[in-house]
Amino acid sequence: MKIVVSNKRLKVYGWIALSYLAFCLFGDFMRHPETFAKRAWNNVWLLSYLTVLNFILFEYTLPYIKISFSRILAGIFLLWIHLMLYAFGLYGWRALGINLHLYFPLIFHSSTMKGVETHVQYSIASVFFYGVVKHFYDHRQLSLSAQQLRLEKKEAELNYLKAQTNPHFLFNTLNNIYSLAREKSDLAPESIMRLSKILRFMLYETSGSFIAIEEELKIMSDYIALEKLRYDESLHVNFNYDLEDPKQSLPPLLLIPLVENAFKHGVSETRSRPFVDIHLLVKKKQLRFVVKNSTDLSAPSDNIRENIGLSNLRRQLELLYTDFKLTVHQESEQFTATLNINLSSHV
């Protein structure tokens, strides 16, 4: 079995060793200030041994022990070896340091067993300290990894929703131009120019997470103008807004689906007196967007089956904000969509 030593994990144990060393040094300084320098060096010598031993214990020995007869037997044997290394091994490491003049013998033990007994307490304290710190570090890393996975999943889903919504939006726009071209309308060139502006916006402005709300309104105005080319003077469009801060950030193309829905599923299916009424209010981080449109359905209803544009918009809002409300309501010959967002609740 090939054993791979992770440099990142070695650094973790190095930082744990420095933390434990600082803890020991503080105690030595408070109890033995006159021999503090020598005791500090002794701690460095002992911890160099214990850090390696704790690294092997937590990174290899304990993970090796699993619920199987052979692994349990091997685990018991390995833990017994560790116990011997923590007790007799550490005392032997001290003796080696004394012989190499790398350890100051400040305490003389009456017997080897007495020395082993004293040093095993130091070992057990290190196991407890290293184990607790390692547990919290690993738990923190696991939480960060889970959070990163959630963010990546959210980003992937948002991109998927955009990939659905944008072609849907363009398809409807191209249908409008196709209708004008079939009629050989003189408005076809203007409609192509406006489509070009919309495409440029979608290619270069929607790749980021946010745009200024005034930019969203510009593309909305172009889309409304493009839609109006299909209709005669009978279509009435009222588009007004009240912005406290035109630079307020907003996810790109977030509001367009409600406007698109008003034209595609409302005005285009209205035989008489078609209209679209759009009002946007943004004040103190609170956005209210109301879109009303004519419809031939005369019966009021709250049980409305949402199309792909509205369902995608609702899911995007769930991923982007924690405080929002999107409602749709069918009244007598009028459809109303109302969107309220607390812009400061962005996830």
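Just so it is clear, none of the values below were taken in a lab; they were calculated from the coordinates. Note that the structure is a prediction, hence the values are computed from the model and not measured. Because the Cβ atoms are built from the backbone with ideal geometry, glycine has one as well, and the counts that use them run over all protein chains shown.
From the phi angles alone, apply the Karplus equation (6.51, -1.76, 1.60; θ = phi - 60°) to the stretch 7-17 and give each ³J(HN,Hα) in whole Hz, x where the residue is Gly or Pro. Using θ = phi - 60°, the values come out as 4, 5, 5, 4, 5, 4, 5, x, 5, 5, 4 Hz. Take the Cβ atoms of D138 and N99, set R0 to 45 Å, and the FRET efficiency comes out at 0.75.
Have a look at Q334, Q141, Q121 and tell me which one the Gaussian network model of the chain (Cα, springs below 10 Å) gives the largest fluctuation. Highest fluctuation of the listed residues: Q121. Considering the dipole of the chain built from charges on the beta carbon (Lys and Arg +1, Asp and Glu -1) around the Cα centre, which of I177, Y137, N42 is farthest to its positive end? The listed residue farthest towards the positive side: N42.
Springs between Cα atoms under 10 Å define the GNM used for the chain, and in it the highest mean-square fluctuation of F289, F77, F88 occurs at F77.
Here the chain is assigned +1 on the Cβ of each Lys and Arg and -1 on the Cβ of each Asp and Glu. Its dipole about the Cα centre then comes out at about 1800 debye. Shape call for the stretch 185-345 from the C-alpha gyration tensor, a ≥ b ≥ c root eigenvalues: rounded (a/c under 1.5), prolate (a/b greater than b/c) or oblate? Note, shape of the stretch 185-345 comes out oblate. For a 19 Å ceiling on Cα separation, which of these pairs sit above it: K197/K283; K292/K325; K197/K285; K218/K247; K247/K325; K247/K292? Correct reply: K197/K283; K197/K285; K247/K325; K247/K292. Charging the Cβ of each Asp and Glu at -1 and of each Lys and Arg at +1, and nothing else, the dipole of the stretch 185-345 about its Cα centre rounds to 320 debye. At q = 0.15 Å⁻¹ the log10 of I(q)/I(0) for the stretch 7-145 amounts to -0.82, computed by Debye summation with a single uniform scatterer per C-alpha, solvent ignored.
Report the charge-dipole magnitude of the stretch 7-145 in Debye, nearest 20, computed about the Cα centre from +1 at each Lys and Arg Cβ and -1 at each Asp and Glu Cβ.
Around 260 debye, computed over the stretch 7-145.
For mean projected area of the Cα convex hull in nm², the value calculated from this model appears in (i) 16.5; (ii) 30.2; (iii) 20.9 under label (ii).
Between F136, F29, F239, the GNM of the chain built on Cα springs shorter than 10 angstrom shows F29 fluctuating the most.
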